[in-house]
1. Just name one of ALA509, PRO361, ALA40: the one whose Cα is farthest towards the positive end of the charge dipole of the chain (beta-carbon charges, Lys/Arg +1, Asp/Glu -1).
2. Convex hull over the Cα atoms of the stretch 467-526, averaged projected area in nm²?
3. Hey, got the dipole for the stretch 561-609? About the Cα centre, +1 on K and R Cβ, -1 on D and E Cβ, debye to the nearest 20?
4. Probe radius 1.4 Å, ligands and nucleic acids left out: which of LYS203, LYS384 has the largest accessible area, and how do the rest follow?
5. Quick one: putting +1 on the C-beta of Lys and Arg, -1 on the C-beta of Asp and Glu, what dipole do you get for the chain around its Cα centre, in Debye to the nearest 20?
6. If only Cα atoms are counted, what is the Rg of the chain, and what is its Dmax, in Å?
7. Using the per-residue mean of other Cβ atoms lying within 10 Å as a proxy for protection, in what order, highest first, do the peptides 438-447, 409-418, 138-147 fall?
8. Rounding to the nearest 10 and keeping the result within 0 to 90°, find how far the Cα-based axis of helix 176-191 lies from the longest principal axis of the chain.
Amino acid sequence: MAEWAAYYQNDDEEGEQEEGDHSVDYKTTGRDSLVFLVDASKEMFIKGEDGQPSNFDMTMQVVRNVYTSKIIRSHRDLVALVFFGTEQSKNPKNAFKNVYVYHNLDEPGAKRVQDVDALRGEKGAQLAAETMGSGETSLGDALWCCSNLYSDIKLRLSYKCLMIFTCRDDPHGGNGAKNRQARTKASDLKDTGVNINLMHLMKPGGFDVPLFFCDIVSPPEDEGELGLQMEPCTKLDDLQQRVRAKELKKRAMARLNLCLGEGINVAVGIYATAVSARKPGAIKLYRETNEQVHSKTRTFHTQTGSLLLPSEIKKAQVYGKRQIVMERDEVNALKKFNDPGLLLIGFKPMERLKLHHHIRPAVFLYPEEDEITGSACLFSALLKKCSEKNVFALCRCISRRNYPPQFVALVPQKEEVDEGNVQITAPGFNVIYLPYADDMRTLDPPQCPSASQIQVDKMKEIVSKLHFRYRSDAFENPVIQQHYRNLEALALDMMAPEETEDLIMPKVAQIDGSLGPLVQEFTDLVYPAGYNPETKPAAKRKTADTGGAGAEKKPKVEVPENELRAHMQNGTLGKLTVPVLKEACKQFGIRTTGTKKQDLIDALTDRLAS
């Protein structure tokens with residue numbers, strides 16, 4: 001019979017997966033798909049001012065970044081690259097003019113990354129002009145071609161996204177028939193579940209979005225999301241940020257009911273705002289064929305060797321020298337406390353929530369209007385009142401079936417927008433997981449001498465000089481980045497991987513320039529004169545009180561000759577210690593070659609017997 005420890009260990013692993021690894025199960029949810037629809041007109045190849053890259057070059061850089069990120073993060077997703085407004089045509093059966101399908105909807109690979117790399121820079125612009133050229137534009141035909149790409153896929157797709165990259169706010173030049181055709185095909189695509197997004201780029205005179213594209217793009221998924229940003233992208237970082245925000249669907253970790261009272265439920269979704277990035281695990285391969293090895297676990301009877309079925313396995317735990325045995329159904333019944341959901345207990349002032357109460361990363365709570373009508377309105381009212389009164393809601397949370405209940409604090413978060421009225425912080429509740437009494441630890445901090453007020457004031461000056469505005473999204477993990485660069489170099493047959501800048505390394509020269517003499521002044525206040533932190537401190541010589549090497553040597557013990565003869569006659573020389581026997585040998589001038597006790601006794605016996 002198996003121990004319960006193994007059973008609960010599997011539960012812990014599931015919990016860790018819920019917290020950190022939000023990978024997609026393609027068998028149940030399907031795959032994500034993304035189609036890049038890029039304008040290939042001559043306007044896209046015009047370089048910016050001060051040597052800035054062209055809009056086409058920026059677009060190819062973004063496409064390349066998405067390809068490489070998909071390969072590493074979710075290689076099962078499907079990606080396609082389609083150009084419109086080209087002179088040459090290349091699409092299934094060449095049914096559409098001025099549409100060039102560069103990559104069909106398929107999984108990204110190293111060959112595709114190399115193809116996109118070939119379209120970057122001046123050489124890439126020349127290659128694009130020779131291969132595709134620039135011609136008439138029909139966005140309706142391009143959307144129709146993309147619709148055929150989706151219809152040819154027999155796999156289950158959970159998320160369909162189409163991104164239009166262009167710097168022309170009126171691609172048809174006022175042609176009403178082409179505009180109506182584009183709107184019709186865009187409506188057909190949106191009816192089939194395709195989310196159309198506009199990644200408009202800078203053009204002279206500004207980009208007028210309402211002129212044409214307002215009827216093309218998809219509406220926002222919820223009221224808190226701006227589906228269309230009016231300002232065009234002028235920099236590569238802005239374009240990458242917008243693409244990154246749209247390429248992935250916002251998936252809820254769980255959808256629960258928040259019970260505010262008897263018969264009052266609000267449908268909410270739990271979203272992970274930050275997930276720990278980890279290096280992908282190594283895949284075991286068969287050394288002769290390089291085929292992936294799949295491991296399977298089977299349980300056999302220790303005596304008969306017969307295969308055990310899951311129904312034949314029980315769980316046991318030792319309690320008080322007695323083995324408590326239960327069936328799996330009984331264990332599941334013991335583990336179940338209630339159905340999944342959030343139950344409001346009460347409200348507490350924000351000052352009662354301490355920093356040490358955060359025992360795991362927080363998640364975000366947002367209403368799900370599709371589940372229960374009126375959830376958004378009631379959720380908004382609760383959020384507004386909690387913000388006004390500066391309180392948090394204390395709830396009991398059971399995130400999944402057979403999961404243990406946890407206390408959580410719902411901390412309100414107001415909506416924030418920037419100068420362009422673009423949302424930078426969504427309204428909702430941050431879910432803080434609170435500890436139980438069993439989780440709290442009592443610490444015994446070591447007793448250290450307290451600093452004087454002069455030392456404290458000097459350190460305050462140092463802290464104020466080193467103050468900077470920290471943003472977690474500005475620092476990348478150097479270990480993961482270096483790992484990805486190495487994989488990319490191997491996959492693309494590069495001579496050497498790209499250099500990775502370690503952004504978490506302190507800028508020593510800048511810090512020294514900001515602090516000036518403050519460090520030396522603080523060192524003089526705290527440490528003794530001549531202190532050098534780079535040199536090892538000299539070992540202290542132990543005093544006699546501690547019984548160390550510096551203690552006084554013990555006086556020599558001399559045994560009179562008559563006592564030695566008495567010990568010899570009584571046969572008790574063996575009771576004397578080795579130092580005493582050595583001193584006696586020196587007293588009689590006996591040279592000893594060994595240090596064993598018996599050799600010393602034999603030498604003394606021979607000397608005293610003569």
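1. Highest projection toward the positive end goes to PRO361.
2. Working: hull surface 25.4 nm².
Hull-based average projected area comes out at 6.3 nm².
3. 120
4. Working: LYS203 50, LYS384 125 Å².
Of LYS203, LYS384, the descending order of accessible area is LYS384, LYS203.
5. Details: 80 positive and 85 negative charges, 475 e Å.
I would put it at about 2280 debye.
6. Final numbers for Rg and Dmax: 37.7, 135 Å.
7. Working: 438-447: 6.0, 409-418: 15.7, 138-147: 24.0.
Most protected by this proxy first, the peptides run 138-147, 409-418, 438-447.
8. So the inclination is approximately 40 degrees.
The values are calculated or read from the model by the stated rules, or taken from the named source; none is laboratory data. Everything numeric here is computed off the predicted structure, so don't read it as measured data. For neighbour counting, all protein chains shown are included, and Cβ atoms are generated from backbone atoms with ideal geometry for every residue, glycine included. Ligands, DNA and RNA are excluded from the accessible area calculation, which covers all protein heavy atoms including side chains. Shrake-Rupley method; radii C 1.70, N 1.55, O 1.52, S 1.80 Å.
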